[in-house]
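Accompanying notes for the structure given below.
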Amino acid sequence: MKQPIFTGSGVAIVTPFNNETVDLNTMGRLLDFQLECGTDAIIVCGTTGEASTMTYWERMRTIEYCVEYVAGRVPVIAGAGSNSTENTIALARDAERAGADGLLLVTPYYNKASQQGLIRHYTVTADAVHSPIILYNVPSRTGVNILPETYAALSTHPNINGTKEASGNLSNVQRTRNLCPDDFYIWSGNDDETVPICVLGGVGVISVVANLLPKQMHTLAQLCLDEEFTAAGNLQLRLKDLCDAMFCDVNPIPVKTALNLMGRQAGSLRLPLCPPSEENLARIRATLQQYELLPA
């Protein structure tokens, strides 16, 4: 039986950029914050990490750095998805060579592959590596949704560990859980759906909000794993305003802005992402104030 790559709260960590490239010293400080606060896994070079704006060299160096810095204290899972199967395999193999404990593979974007195309894409990629793979379903960004029946077809592959579900479709999550074996694991891809997905058999969350509140997101996921769902639900509700504020603009614009306002320097955004509007900036600032996250 396959074991989950991790359980609990994994942070979809931001990538701090300076004027030239990735600021690895700042990345180290962000990693320290996560590890000190009990984060259960580091997910690097994903959507929140702006991987699509990074060069191939930057991606691999950042993965290598995180693996070296974390030094086995928690799993490091590397985003290695692409809309080309050939590129996905190359990224996955190189992330594996860089020492990543697992791989996060988004559905091929723009191409809008059929369900059969998704099965072939993921199967060929999983055959090409040895590391456990988390599929990543985020149709709002990619234009394609992984159906429960497709999950069922992929779930028996020994290298496919489960999925990060960010479709917002809890009905499909239920059907996926019913169709797939117990060792096909589901992580919430939306912070505000952590409890509902865990109630349906999920094993945690890959979290944006954990960049700001790693300890609280770890607690939320652990309450779910301990089946303390009343307490988990209450905490989920207390975090709801912050979850919403972190998606008032395109991710990771709000969370990087918030980190900078908190004094936890996250660097600049890379075009085509840009700073938030004055309205959204005011909302982010007010929400941070509400949660007492602004420096005195």
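The values are calculated or read from the model by the stated rules, or taken from the named source; none is laboratory data. This one's a predicted model, so the numbers in the text were calculated from it and none came from an experiment. No Cβ is skipped: glycine too gets one built from the backbone with ideal geometry, and neighbour counts run over all protein chains shown. Note: areas computed on protein heavy atoms with side chains; ligands, DNA, RNA excluded. Shrake-Rupley method; radii C 1.70, N 1.55, O 1.52, S 1.80 Å.
Going by the alpha-carbon gyration tensor, a ≥ b ≥ c the square roots of its eigenvalues, is region 1-60 rounded (a/c under 1.5) or, if a/c is not under 1.5, prolate (a/b greater than b/c) versus oblate? Oblate, because a/c is 1.5 or more while a/b does not exceed b/c.
For region 8-15, 3J(HN,Hα) computed residue by residue from phi via the Karplus equation (6.51, -1.76, 1.60; θ = phi - 60°) reads x, 10, x, 7, 7, 6, 5, 10 Hz, glycine and proline entered as x. About its Cα centre, region 1-129 has a charge dipole of approximately 400 debye under the convention of +1 per Lys or Arg Cβ and -1 per Asp or Glu Cβ, with nothing else charged. Estimated at the nearest 10 Å², the accessible area of T123 is 50 Å² with a 1.4 Å probe.
When only Cα pairs below 8 angstrom with a gap of at least 6 residues are kept, the chain shows a relative contact order of 19 percent. Largest accessible area first, the residues H130, H218 order themselves as H130, H218 under a 1.4 Å probe with ligands, DNA and RNA left out. What accessible area per residue, rounded to a whole number of Å², is obtained for the chain using a probe radius of 1.4 Å? I get 42 Å² per residue for the chain.
Note on S167: accessible area approximately 30 square angstrom, rounded to 10, probe 1.4 Å, nucleic acids and ligands left out. Dipole orientation for the chain: of the candidates C45, S114, N161, S114 has the Cα lying most toward the positive pole (charges on Cβ; Lys, Arg +1; Asp, Glu -1).
For the pair S114 and E292, a Förster radius of 45 Å applied to the C-beta separation gives a FRET efficiency near 0.40, rounded to the nearest 0.05. In terms of the Cα gyration tensor, with a ≥ b ≥ c the square roots of its eigenvalues, is region 96-208 rounded because a/c is under 1.5, prolate because a/b exceeds b/c, or oblate? Here region 96-208 falls in the rounded category. Each peptide in 157-163, 103-109, 40-46 was scored by the mean count of other Cβ atoms within 10 Å over its residues; highest first, the order is 40-46, 103-109, 157-163. Prolate is the label for region 166-239. Its Cα gyration tensor axes, ordered a ≥ b ≥ c, give a/c of at least 1.5 and a/b above b/c. Across region 176-280, the relative contact order, built from alpha-carbon pairs under 8 Å that are at least six residues apart, equals 19 percent.
Counting only Cβ charges, +1 for Lys and Arg and -1 for Asp and Glu, the dipole size of the chain around its Cα centre is about 340 debye. Within the accessible surface of region 174-296, defined with a 1.4 Å probe on protein heavy atoms only, the carbon and sulfur portion equals 50 percent.
For V124, V144, the ranking by accessible surface with the largest value first comes to V124, V144, using a 1.4 Å probe.
Considering only T219, N190, N178, and ranking their Cα positions along the charge dipole of region 161-243 that arises from unit charges at the beta-carbon of Lys, Arg, Asp and Glu, the one farthest toward the positive end is N190. If R₀ is 30 angstrom, what is the calculated FRET efficiency for the pair L225 and D32, using the beta carbon separation as r and rounding to 0.05? For R0 = 30 Å, the calculated efficiency reads 0.75.
Distance between the modelled labels on E58 and N234, one decimal in nanometres: 4.4 nm (7 Å Cα→Cβ projection).
FRET efficiency for the A128 to R73 pair, using the beta carbon distance and R₀ = 35 Å, is estimated at 0.80.
Apolar share of the accessible surface for region 1-121: 47 percent from carbon plus sulfur atoms, 1.4 Å probe. Among beta bridges from DSSP that stay inside the chain, the antiparallel ones total about 5%. Accessible surface ranking for R97, R238, 1.4 angstrom probe, highest first: R97, R238.
In a fully extended conformation the segment linking R285 and N145 would gain 47.0 nm over its present Cα-Cα distance, using 0.36 nm per residue. Of all the options V22, V255, V76, the one that moves most in a Gaussian network model of the chain with Cα springs shorter than 10 angstrom is V22. Here the dipole of region 209-250 is about 120 debye; that uses its Cα centre as origin and unit charges on the Cβ of Lys and Arg (positive) and Asp and Glu (negative).
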